[in-house]
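So the structure is just underneath, and the comments pick up after that.
The values are calculated or read from the model by the stated rules, or taken from the named source; none is laboratory data. Just so we're clear, the structure is a prediction, and the values are computed from it rather than from any experiment. Positions of Cβ are backbone-derived with ideal geometry, glycine not excepted, and every protein chain shown enters the neighbour counts.
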């Protein structure tokens, strides 16, 4: 994943975070049970945090010419994490299908991989 792709994806996920957050607050609040609305909000929160992390990762990749393997791993971890973690929670909130909760931890693992990869980058580039 290139720096440009990470920055672009981070911006898209950030845009979607605002849209889905507003949709949850103004539309889904009328439709979802309070428990399901909390699940929706958790998905938005994690997506927001990791959209910013993906943007930061892309900016770091600009400084290395995008050659840092750990940065690419971090980028993929954050994207896969948002799709699996937040995506499964959005679907769970809308459908109530509890089995979707089994996908959520896979997204959490992807997030952890992304953060661990950034630790590797920090250990190499920080003085």
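Can you confirm whether residue 64 is surrounded by 14 or more Cβ atoms within 10 Å (Cβ to Cβ) and either closer than 25 Å to residue 106 by Cβ or touching a strand residue (DSSP E or B) at 6+ places or on another chain (Cβ under 6 Å) (or both)? Considered against the rule, which asks whether it is surrounded by 14 or more Cβ atoms within 10 Å (Cβ to Cβ) and either closer than 25 Å to residue 106 by Cβ or touching a strand residue (DSSP E or B) at 6+ places or on another chain (Cβ under 6 Å) (or both), residue 64 comes out as no. Report yes if some residue within the range 30-40 is part of a helix (DSSP H, G or I), more than 20 Å from residue 3 (Cβ to Cβ) and under 17 Å from the mean Cα position of the chain (by Cα); otherwise report no. Yes, the range 30-40 contains at least one residue that is part of a helix (DSSP H, G or I), more than 20 Å from residue 3 (Cβ to Cβ) and under 17 Å from the mean Cα position of the chain (by Cα). The single residue among 83, 20, 54 that is at pLDDT 95 or above, surrounded by fewer than 18 Cβ atoms within 10 Å (Cβ to Cβ) and either more than 29 Å from residue 3 (Cβ to Cβ) or in contact with a helix residue (DSSP H, G or I) (Cβ under 9 Å, 6 or more places away or on another chain) (or both) turns out to be 83. Taking residue 27 as the residue in question, decide whether it is in contact (Cβ under 8 Å) with a residue 40 or more places away in the chain and either crowded, with 18+ Cβ neighbours inside 10 Å or part of a helix (DSSP H, G or I) (or both). The answer is no for residue 27.
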